[in-house]
Amino acid sequence: MNALLASAALALAAPLPVPRQASDGDAWRYVVPPSGSAMRRPSLVALPLGDALPQGVTATAFDERSFRYGVLRFGDESSPRVTVALEDLGHEMYALYVDADRDLVITADERVMGTSERLWELSLPCATEDADGAIRFVPRRVAIELGRTGTILGVATLGWLEGRVRIGERELDVRRRDGDANGFFHDAADHLWVDRNGDGEWSAMEELFVVQPILPFDGERYAMRSSRLGEDLAFERIDGTGFVRIEMPNGQGGPRADVLEAQVLLVGRDGSASLVRAPGAATEVPAGDYRPTMVTLRLAATKGGDPWNYVFSERYDPTEERWRSIAKDAELVIDPIGALEFSIAKVGDFDEIETGERFRAQLRLHTADRLLVTTVYRGRAAPTFGFGSARASLTLLGAGGRRLGAATSGFA
């Protein structure tokens, strides 16, 4: 699978706001407490560093050889990447530069002032794309810390979302923390804290829950309804559940043998999100209608070596055909890829191309559910971080197979 994606530089229209303390009158609040406060920072997520400047990124006023670089996705898997550059100043001193505006250019004024020689904090927005393709930036604050070996940075989203929810007949205080450092609060690795006894102590043994579609609580089962950003949260007592299982056929009546891992993010009509994984048992979800909005796929390489990884994301308004009904006590089997569709779209306003002219085009690879491939890479590193995205090649042929031009591209 190859795809040619056009890169676009994104800039923020205004300085990033620093998250504030909670105040009365707000529904859900993003809170970053002062340094030293309990629960201020979740565990760090590793961000490996490399010696080469990431592809497509430029650095101004620097000697590139004196830096090491890391790349993270803070937001959707298809969101613009954030490049981090670490400079060793000697004597156990370091300087950190972060391309927070995601314009793929690292400049001297993007240096982050640290709280120590190895710890930095900065405002960095979480980037998410809506169904119309518009990028939305949501304020977050992150911590970046250099490990003892000097080869790996650790990243964490500071603070939490807090609010109150009704669970059964009780109204309780809730805190939600980002466990995988991507800016969201409703992923499988994220933390849900429920102050069950109202003492404000937040006991990990009794009040910390795993984010999942169905939450057992006080002998009852509830459906968790929330967006990934965590701007809303509701618990509904479940009257009926169904199951979702991923199955990818090989075209000969059996399953594909090269699938190492597959994940499908399903969104319900009410906006709730559920993550289905394979291999593994079917995922239990509340009965209702769902559509796939993101697929991540890891395939074994046919000739050995590192596996291939693909991310497909929603780009267009969902059609009614994309919704799937999950009935009570029934199991829905989904093929997250189906019949792939390959197409070419022009970029820009032109009808004809004259000999010698340059033009821009985008190769599009869609799943059967109209999810567009946005990321391709090889290796075993989590797709939130990493280097070495796959390259796509395009050759333009004329009459008789004559080669007119060629181009290559990576994934932004």
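Miscellaneous remarks
- Extension gain (nm, one decimal) between E261 and M39, 0.36 nm per residue minus Cα-Cα: 76.7 nm
- Nearest-10 value in Å² for the accessible area of V211, using the 1.4 Å probe: 10 Å²
- A probe of 1.4 angstrom, applied to the heavy atoms of all protein chains, finds I152 with accessible area near 70 square angstrom.
- Over the range 224-296, the fraction of Cα-Cα pairs per 10 Å bin, rounded to whole percents and listed from the shortest bin up, is 18, 45, 27, 9, 1.
- For the range 151-210, averaging the sequence separation of C-alpha pairs within contact (under 8 Å, six or more residues apart) and dividing by the residue count gives a relative contact order of 25 percent.
- Per residue, the chain exposes 49 Å² of accessible surface when a 1.4 Å probe is rolled over the protein heavy atoms with every protein chain present.
- The heavy atoms of T319 offer some 70 square angstrom of accessible surface to a 1.4 angstrom probe.
- The stretch between V333 and E352 holds 2.3 nm of extra length on full extension. This uses 0.36 nm per residue minus the Cα-Cα distance.
- At 1.306 mPa s and 10 °C, Stokes D of the range 88-231 from Kirkwood alpha-carbon radius, µm² per second: 90 µm²/s
- Residues in the range 217-255 reached by a label modelled at A287 [backbone nitrogen below 18 Å; 7 Å Cα→Cβ]: 221-224, 236-245
- Loop-located GluC sites (Glu not before Pro) across the range 299-368 with a Cβ neighbour count of 12 or fewer within 10 Å are E352, E354, E357, with loop assigned by DSSP.
- Using 0.36 nm per residue and subtracting the Cα-Cα separation, the extra length available between N250 and V105 on full extension is 47.9 nm.
- Atom-type composition of the exposed protein surface of the range 140-237 places 46 percent of the accessible area on carbon and sulfur (1.4 angstrom probe).
- Modelled FRET efficiency - R0 51 Å, M205 with L397, Cβ distances, 0.05 increments: 0.20
- Per-residue ellipticity at 222 nm from helix content only, as computed over the chain with -39500 (n - 2.57) for each DSSP H run of at least four residues, stands at 0 deg cm²/dmol.
- In this label model, A406 and T115 are separated by 5.2 nm, measuring between points 7 Å along each Cα→Cβ vector.
- In this rough spin-label picture, where each label sits 7 Å from Cα along the Cβ direction, the A52-D239 distance is 5.8 nm.
- For the chain, the antiparallel share of DSSP beta bridges with both residues in that region comes to about 95%.
- Take the Cβ atoms of S343 and A300, set R0 to 22 Å, and the FRET efficiency comes out at 0.20.
The values are calculated or read from the model by the stated rules, or taken from the named source; none is laboratory data. Keep in mind the model is a prediction, meaning the values are calculated, not measured. Don't worry about glycine lacking a Cβ; one is built from the backbone with ideal geometry, like all the others, and counts go over all protein chains shown. These accessible areas exclude ligands, DNA and RNA; they are computed on the full protein's heavy atoms, side chains included. Shrake-Rupley method; radii C 1.70, N 1.55, O 1.52, S 1.80 Å.
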